[in-house]
Amino acid sequence: MLWDKGQSVAAWVQRFTVGEDYRWDTLLLPYDIEGTRAHAAGLHRIGILSGEEFQAVSEALDALQAEVAAGRVVVRPEDEDAHTVIETFLTERLGDTGKKIHTGRSRNDQVLAALRLFLKDGLREAGRQVARLVEQLCELGAAYNDALMPGYTHLQQAMPSTAGLWALGYAELLLSDLAALRHAYDQVDISPLGSAAGYGVPFLELPREEVAQRLGFRTLQLHVTAVQLSRGKLELHAAHALVQVGATLNRMASDLVLFNSQEFGFVELPPEFCTGSSIMPQKQNPDVPELVRAGYHRLLAEMNVLLTLPANLPSGYHRDLQLTKEAVIRCVLHAHDLLTAMVQLLPGLRFRRDRMQAACTPALLATAEALRRVAEGVPFREAYRQAAAALDSLPQPDPETVLRAYRVDGYPGRGRPDRLLEQLRAFQDWLTPTESAGT
């Protein structure tokens, strides 16, 4: 253990304090290696490592990175964390040079650097998946712009809609979620390195800004006490953005499950995304959208850990905060699964125009009838009552006639996927950045 000073620790204490942390640190190990590389450059800059030592450390880290990428090095329970794996590897290869690598840092700032690099990658990848969903929904919006379907309030038929309008509504909402992901990315894109255990490093003039730049962070947390105060809080930004995405997917999936039922029959799901029953031969169950719908609640649970765990803690580091790492990593991984499921499912989705058309009742035209009377000079409240009294005389909705009545963009039959795709292009610089020399 990096903190071992010769005292013995009960085995159950080690197991209890490490918990599942070694599993999450295996995911962080590549990022921790890059953080160590940048820290070594900083130590070279201030003369702690000579040029030859820095070169040796860099080559050893390259070798370790290759071992990790090949799956030959992972973090084991007896290692405790990724930091121990890196320092042990360097010390075994380089002797005293390896023992210098922890100069001027603590596991407290080391793990946060790795975690924030992981979160940056995770948020950007989630953004790419959201962008793909927006594109897919815009394709559906264009294909089904004139496909009449009932619009519902209180799950009762309300006014005419279209399958295209259904898709474009979710596309527009996902653009808002994409903005939340980019904002969360900006929040975690800040270097904690040089704060060490939370109170800085005496005597050493660590080049904190240079190290932050090498790692691709936009800036650093200047006052070192802010680093541990932000632990859990910055992770919460990431989790909250992912929860926003999950909330959108939850309602979309809920619609698809409902629309796929025999009673509605509005959509056909690709059969490869459904499963069967072990006893009922006829069943084709919409398991994928059902699990996407349920997955939102798992995201909420992890976010709740980040909301509540840091509360009432005094300033500085406390071991309680270790659990924030697991919560936000779980959130990222699960959100990626939910997004992948929907990205894979949507291309095979088919709306049934015949079933949607057959479900449209004359009562859907009641509002249009009231407004037609308004156009003839009848006050709206009177027209409202007249239309209610004339429900039995309303015609069966015809797509061409119904949609011709709508004159404003964003209404049924007036979808504008082109405008949503234009908004999506504003995110491309973030989604496909040009890598800087320091990353």
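Structure summary
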read-out: Distance from the range 184-241 to the range 94-115 (C-alpha centre basis), Å; value: 15 Å
read-out: Selected from 60, 238, 247 as most flexible by GNM, with the chain as the system and alpha-carbon contacts under 10 Å; value: 60
read-out: Tilt relative to the chain, helix 82-94 - C-alpha long axis, 0 to 90 degrees, to 10; value: 40 degrees
read-out: Test item: Cα-centred dipole of the range 130-197, Lys/Arg +1 and Asp/Glu -1 on Cβ, debye; value: 100 debye
read-out: GNM flexibility winner over the chain from 313, 90, 28 (Cα, springs under 10 Å); value: 313
read-out: J(HN,Hα) series, the range 245-257, from Karplus relation 6.51 cos²θ - 1.76 cosθ + 1.60, nearest Hz, glycine and proline x; value: 4, x, 5, 5, 5, 4, 6, 4, 5, 4, 4, 5, 4
read-out: Within the chain, helix-based [θ] at 222 nm, where runs of 4 or more DSSP H residues each add -39,500 (n - 2.57), nearest 500; value: -19500 deg cm²/dmol
read-out: Area accessible to solvent at residue 120, 1.4 Å probe radius, in Å²; value: 20 Å²
read-out: The range 286-439 - accessible surface per residue (Å², probe 1.4 Å); value: 57 Å²
read-out: 20 Å binning of all Cα-Cα separations within the chain, expressed as whole percents from 0 upward; value: 22, 42, 25, 10, 1
read-out: Using a Förster distance of 41 Å, the FRET efficiency for residue 69-residue 418 (Cβ separation, nearest 0.05); value: 0.45
read-out: Positive-end extreme of charge dipole, the chain - chosen from 343, 175, 271 (charges on Cβ); value: 175
read-out: Highest-fluctuation residue, 379, 412, 399 considered, GNM on the chain with Cα pairs under 10 Å; value: 379
read-out: Packing rank of 152-161, 125-134, where each peptide gets the mean count of other beta carbons within 10 Å, highest leading; value: 125-134, 152-161
read-out: Relative contact order (%) - the range 243-340, alpha-carbon pairs under 8 angstrom, separation at least six; value: 30 percent
read-out: Over the range 227-291, volume per residue of the alpha carbon convex hull, in Å³; value: 114 Å³
read-out: Nearest 10 degrees, 0 to 90: helix 287-308 Cα axis against the chain principal axis; value: 50 degrees
read-out: Sulfur and carbon atoms: percent of accessible area, the range 32-72 [1.4 Å]; value: 48 percent
read-out: The range 41-79-the range 358-388 distance, computed between alpha-carbon centres (Å); value: 74 Å
read-out: Rounded to 5, percent antiparallel among DSSP beta bridges of the chain; value: 80 percent
read-out: Added length on full extension, which subtracts the Cα-Cα distance from 0.36 nm per residue, residue 62 to residue 307; value: 84.4 nm
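The values are calculated or read from the model by the stated rules, or taken from the named source; none is laboratory data. Quantities reported herein were computed from a predicted structural model and do not represent experimental measurements. Cβ: placed from backbone, ideal geometry, glycine included. Neighbour counts: every protein chain shown. Only protein heavy atoms, including side chains, enter the accessible area calculation; ligands, DNA and RNA are left aside. Shrake-Rupley method; radii C 1.70, N 1.55, O 1.52, S 1.80 Å.
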